[in-house]
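Each value in this text was obtained by applying a stated rule to the coordinates, not by laboratory testing. Everything numeric in this text was worked out from a predicted model, so none of it was measured. Here the Cβ positions follow ideal geometry from the backbone for every residue, glycine too, while neighbour counts run over all protein chains shown.
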Amino acid sequence: MLELKPERGQIADYVWQPISIAGKAFVADMSGALWWPAERMLILADLHLEKASSLAARGQPLPPYDTRETLERVATALDRYEPEVVVALGDSLHDRTAALRLGEDERRILAILQEGRRWIWVTGNHDGGTAAALGGEAFDSLTVTGIRLVHEPRPGPVTHEIAGHLHPAARVSMYGHAIRRPCFVGNGRRIVLPAFGTFTGGLNILDDAFAPLFGNDGMSAWMLGQEGVYPVATRRLTPD
């Protein structure tokens, strides 16, 4: 299987990649989180906590460890950047009853992650306002120094926007092999984050759903690999 790995340099050089959004400096992290240094803010999208328990109730049994694994990955990102603010861009819970299924251990882990920092839940189409019951604050959207943080991206030539919802993924072909991975996708004016949660999957950024966002206006992709996050030339992108 083809793996995304650096061809040169140190592996640590690929843990993050600089990204500019509307003239402001951000960092795309290999975890799928977006770091905003100037605001000491870490932004996550689509945690989908308790997805496995939801699918199990529908007759699709999966190992019931997705929430724990997701929270552990959040903890790793928090340790790396030590943010003062965390913003979760909607669909933090997989459905409106997920908070009731969340185990006591997972609740304690989440409370520890929230200690000493501001924690903001942006409302998504799955979780409604239920995530706010887990601590922190809840908003339909949030605007910080002119940049709007929202769950679902608005169609059209929008600028100054950071969103989730679409679970972007890129498929590339190299050396006769193909690999498909979650990715950040943007055009310098707006960006859509990959889904952070376990078992979330992804939608190919060449899908028609992304056309209203970027159209023929150009876009860039940064794929999450085995040991880092890597910019990918758009000419290498392939449909599913």
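Annotations for the structure displayed:
- Inter-label distance for S141 and R154, nm, one decimal - labels placed 7 Å from Cα along Cα-to-Cβ: 0.4 nm
- Residues H151, H177, H48, H160, sorted so that the one with the fewest Cβ neighbours within 10 Å comes first: H177, H160, H151, H48
- Cα centroid separation, the range 143-169 to the range 175-240: 15 Å.
- A compact globular protein would have a Cα radius of gyration near 2.2 N^0.38 Å; the ratio found for the range 166-240 is 1.02.
- Label point of R40 set 7 angstrom out along Cα-Cβ; within the range 64-79, amide nitrogens under 18 Å from it belong to 77-79.
- Within the range 18-236, antiparallel bridges make up roughly 60 percent of the DSSP beta bridges whose residues both belong there.
- The phi torsions of the range 209-219, fed into the Karplus equation with coefficients 6.51, -1.76 and 1.60 and a -60° offset, translate into couplings of 5, 8, 4, x, 7, 10, x, 9, 8, x, 8 Hz, rounded to whole numbers, with Gly and Pro shown as x.
- In this simple spin-label approximation, F199 and Q226 carry label points 7 Å from Cα along the Cα→Cβ vector, and these lie 2.6 nm apart.
- Counting only Cα atoms, the range 18-236 measures 47, 41, 31 Å along its principal axes, largest extent leading.
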